[in-house]
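Below is one structure, written out as structure tokens, with a few remarks after it.
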Amino acid sequence: MAATTARNQNVLTRRAVIQGLTSFTAAGFGLGGYAFAVEPYRLVTTRYAIMPKGWPRGLQLRIAAIADLHVCEPWMNLARVEQIVDHTNRLGADVIVLLGDYETRNHFVRASVPMRDWANALGQLKAPLGVHAVLGNHDWWDDQEAQVRGGGPVAGQIALERAGVPVYDNEAIRLVKGHHPFWLAGLGDQWAFYGHFGRQVAARQERRGRRSHHHYVGVDDLAGTLARITDDAPAILLAHEPDIFPEVPDRISLTLSGHTHGGQVQFFGYAPKVPSRYGQRYLYGHVVEEGRDLVVSCGLGCSGAPIRFGRPPEVVVVELGGDGTVA
């Protein structure tokens, strides 16, 4: 009787283990399917209400930010870009900013979307104070001619400007809402060159006393960009990679970035892989350091594998001024 009971317990134990493994495997396939087939196609609006230090009390400004589209077939095709444009146009933003990385190329991509087509779609964005763009690292990396010659303009910039969207490369523009002026400054990309081309550009820059960022070489010039701001009106900095933030002075009221994708995949608030020399520090969301404000978008498209988990595609809306509450 005791031997029979032991055998039955062993059978039950093996059965429980098999059932547990089966359930775990099914859950894994379910999560994987969601990360591949569902979350990359979602679209959410993430809102922040911020009152930066020194921001004029009478200036209420709504900014909509689009980051990291990574246009390609099949998961960010032209119809999807047009959907994002329509969604953004309905947000009632005073100004719309584009934070770089408009295309992607990797072995998961089935086909490219013609550059003229996605640029023209973005040209349909509308806001009273205009649409303004900066470039990202993939806009540089995917332009082989720019890599070879060690400079721009890159093809994406030309396409956007032909579609009526100005692209800022270490430049600034003065805008006015009501009677309140403010500046929008666009930083050149910090990871523009890599590999052999990066080493060539780095050698030239070192001779001019400039340094590279991480393993990449940039065309960013923060001091030169700030020099374009010629009065004491508040200023907003557009910088594709958030790694510049420790160097951003108090003169800048808000820095807006993308690039990290929020890790693109995160579990319990942790992202296993973050394309930043600061790791998790500037992973995602509203970051405040020494009274300075940074907002990092997790973007809309996918870089590398076409999966997202815990970071659904988002358009970011930042409300500056007001009473600090999210509408």
Evaluated at 20 °C and 1.002 mPa s, the Stokes-Einstein D of the stretch 50-200 based on the Kirkwood radius over Cα pairs, in µm²/s, stands at 130
Distance in Å, no decimals, from the C-alpha centre of the stretch 66-108 to the one of the stretch 131-178 is 15
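Over the stretch 113-166, what is the mean sequence separation of C-alpha contacts under 8 Å (at least six apart), divided by residue count, expressed as relative contact order in percent?
52
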Across all Cα atoms of the stretch 150-189, Rg and the largest Cα-Cα distance (Dmax), in Å, are 12.7, 42
Sparse-neighbourhood loop hits (GluC sites (Glu not before Pro), the stretch 237-321; DSSP loop; Cβ within 10 Å at most 14 others) -> 290
Residues other than residue 124 with Cβ under 13 Å of its Cβ, Lys/Arg counted +1 and Asp/Glu -1, net out at -1
Total charge of the residues flanking residue 263 in space, meaning their Cβ is under 14 Å from its Cβ, with Lys and Arg +1 and Asp and Glu -1, is +1
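Only counting other Cβ atoms within 10 Å, I'd like 176, 97, 85 sorted with the fewest neighbours first.
Result, fewest neighbours first: 176, 85, 97.
Taking loop as defined by DSSP and a crowding limit of 15 other beta carbons within 10 Å, which chymotrypsin sites (Phe, Trp or Tyr not before Pro) in the stretch 235-278 fit?
Those satisfying the criteria are 268, 278.
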Env charge @ residue 291, Cβ radius under 11 Å, K,R +1 / D,E -1, value -2
Shape call for the stretch 44-320, from the Cα gyration tensor axes a ≥ b ≥ c (a/c under 1.5 means rounded, otherwise prolate when a/b beats b/c, else oblate), comes out rounded
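Any read-out appearing in this document is the output of simple, stated calculations on the displayed coordinates, not a laboratory observation. What you see is a predicted model, and the numbers here were worked out from it, not measured in a lab. So basically every Cβ, Gly included, is an ideal-geometry build from the backbone, and we count neighbours across all protein chains shown.
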